[in-house]
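To keep things clear, I will list the structure first and then write my remarks on it.
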Amino acid sequence: MHALKKNRPLRRIVLAGAATVSGMVLLLSMKPHTSAATAVAVPVPSSSSGVSGGSSSSGGSSSSGGSATSGTKTVTGDTVQTRWGPVQVRITLKNGKLTEVEAISYPSDNPRDREINSYAVPQLRREALAAQSANIDTVSGATYTSDGYRQSLQSALDSASS
């Protein structure tokens, strides 16, 4: 009998197993698809300061003087470079009390960044206003943004107190 005509069940089992494992690895390595509806619900950061969300070339802090209302001061924190992009906040203090925190720059280059930051940035804002300091919790799933937000907030608070 010819060598190629022999029945080899073990060889078939090994090949079928290898094909199954390869197929599973390929399926599991695929990235999940994000829907367009998620990306639509993202707030657009203010561009009045010349800094657009997700792209910033400024590396230092900038402060604007007090507003026309006495006791009100608006300060922009340092731009903090994170793994996924820059984060920068602007705060408003009225009579020494933190009254507004606005993220003017945060990662938004792709749909996943926009999805994460659509829930993380408002939560960080609420925590900062409640704490009246940069001593805020990290938002689960947005560790890098939370750390950058906290550092920029602290630099703005430090600039405001000097």
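The values are calculated or read from the model by the stated rules, or taken from the named source; none is laboratory data. Remember, it's a predicted structure, so these values are computed and weren't measured experimentally. All Cβ positions, even for glycine, are placed from backbone atoms using ideal geometry, and neighbour counts span all protein chains on display. For accessibility, only protein heavy atoms count, side chains too; no ligands or nucleic acids. Shrake-Rupley method; radii C 1.70, N 1.55, O 1.52, S 1.80 Å.
A few points about this structure:
- Leading residue by the ranking (farthest from the chain's Cα centre (by Cα)) among those in the stretch 1-40 that are open to solvent by less than 80 Å² (accessible area, probe 1.4 Å) and at pLDDT below 65: 3
- Lone unmet requirement of (1) touching a residue at least 40 places away in the same chain (Cβ under 8 Å); (2) of a type outside the set (Lys, Arg); (3) open to solvent by less than 50 Å² (accessible area, probe 1.4 Å); (4) not in a helix (DSSP H, G or I) for residue 84: (3)
- From the list 102, 115, the lone residue that is over 13 Å from the mean Cα position of the chain (by Cα), surrounded by fewer than 23 Cβ atoms within 10 Å (Cβ to Cβ) and in contact (Cβ under 8 Å) with a residue 40 or more places away in the chain is 102.
- Restricting attention to the stretch 139-161 and to residues that are of a type in the set (Gly, Ala, Ser) and in a helix (DSSP H, G or I), the residue that is most open to solvent (accessible area, probe 1.4 Å) turns out to be 161.
- Subset of the stretch 68-81 (residues that are among the small types (Gly, Ala, Ser), open to solvent by 20 Å² or more (accessible area, probe 1.4 Å) and in contact (Cβ under 8 Å) with a residue 12 or more places away in the chain): 71
- Here is the figure for the stretch 118-138: residues that are under 10 Å from the mean Cα position of the chain (by Cα) and open to solvent by less than 10 Å² (accessible area, probe 1.4 Å) total 1.
- Test: residue in the stretch 50-59 that is assigned to a loop (DSSP other than H, G, I, E, B), modelled with pLDDT under 90, of a type in the set (S, T, N, Q) and open to solvent by less than 60 Å² (accessible area, probe 1.4 Å): yes
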